[in-house]
Amino acid sequence: GAVVSQHPSWVICKSGTSVKIECRSLDFQATTMFWYRQFPKQSLMLMATSNEGSKATYEQGVEKDKFLINHASLTLSTLTVTSAHPEDSSFYICSAGPGTPGNTIYFGEGSWLTVV
Amino acid sequence: LAKTTQPISMDSYEGQEVNITCSHNNIATNDYITWYQQFPSQGPRFIIQGYKTKVTNEVASLFIPADRKSSTLSLPRVSLSDTAVYYCLVGGPNTGGFKTIFGAGTRLFVKA
């Protein structure tokens, strides 16, 4: 199946700093990518929809100025957590799909963020 | 977007067949049904997708009745490594594209 890759797999940063997570579609072009966060033993929560060449669409309750999303190319979307705080510590996952008739979505491996 | 309902958890033993049913009463005409498996600290992994009737691949089967208001994921002869969370997702081009909203999923525990 299609491959979506995230980097880094895990990152530790200090409070107040910013950290960037990359999401790449390796074998297809993705005009749309999605970003999720997941807390331990909980389901995935959709944060935003990343649209290539335009602004991201954020879900209700997600701060767009804190979670900056850039989708500069058809194979790369980035999530930047700005002025990170310990409560931002979470597992972040991206997804994308090649747009086949069934619109199958493939997920990245996920990125653990720990803010200390 | 169609809401899905699954059992919160299920237990099984190695070698047994496991069937996980998902309800999606307000599925739209163009919606597909997709199942994912997730292990701790990993992104969800695609298992199988279907639109109607039965779909089978090398790891699972998906049964969808004619009214499409539910679906059943069947895992033949599970092993300990099948212990994971399984998510049923419904969506399509006319329901927000493939914007995927996750339900709680089903935690499957496979015992020796």
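Structure notes:
- The Cys residues in the protein assembly as shown with no partner Cys Cβ within less than 4.7 Å of their Cβ are A:Cys13.
- Top positive-direction residue, dipole computed over the stretch A:9-107 with Cβ charges, set A:Thr32, A:Thr82, A:Ile12: A:Ile12
- Of the residues B:Ala28, B:Ile101, B:Gly43, the one whose Cα sits farthest towards the positive end of the charge dipole of chain B is B:Ala28 (charges of +1 on Lys and Arg Cβ, -1 on Asp and Glu Cβ, taken about the Cα centre).
- Average beta-carbon neighbours from other chains, 10 Å sphere, peptide B:33-44: 5
- Net charge contributed by nearby residues that have their C-beta within less than 15 Å of A:Val116 (K/R +1, D/E -1): -1
- Computed on chain B, with alpha-carbon pairs under 8 angstrom and 6+ residues apart, the relative contact order is 37 percent.
- Phi-based couplings in Hz for the stretch A:70-76 (Karplus 6.51, -1.76, 1.60; Gly and Pro marked x): 10, 10, 6, 9, 6, 10, 9
- For B:Phe109, distant residues with modelled amide H under 5 Å away: B:Met10, B:Asp11, B:Ser12
- Estimated at 0.36 nm per residue, the fully extended path between A:Ser18 and A:Asn51 surpasses their Cα-Cα distance by 9.7 nm.
- Across B:Gln49, B:Gln37, B:Gln16, mean-square fluctuation computed from a Gaussian network of chain B (C-alpha pairs under 10 Å connected) peaks at B:Gln16.
- Pairs of Lys residues in chain B are counted when their Cα atoms are under 20 angstrom apart and they lie 8 or more places apart or on different chains; the count is 6.
- Taking θ as phi - 60° and the Karplus parameters 6.51, -1.76 and 1.60, the scalar couplings of the stretch B:41-54 work out to 6, 9, x, x, 10, 4, 9, 6, 9, x, 10, 7, 6, 10 Hz in sequence order, x denoting glycine and proline.
- Anisotropy class of chain B from Cα gyration tensor, a/c 1.5 cut: prolate
Just so you know, all these numbers are worked out from the coordinates, no wet-lab data involved. These numbers come from a predicted model, not from an experiment. Cβ atoms come from the backbone with ideal geometry, glycine included; neighbour counts cover every protein chain shown.
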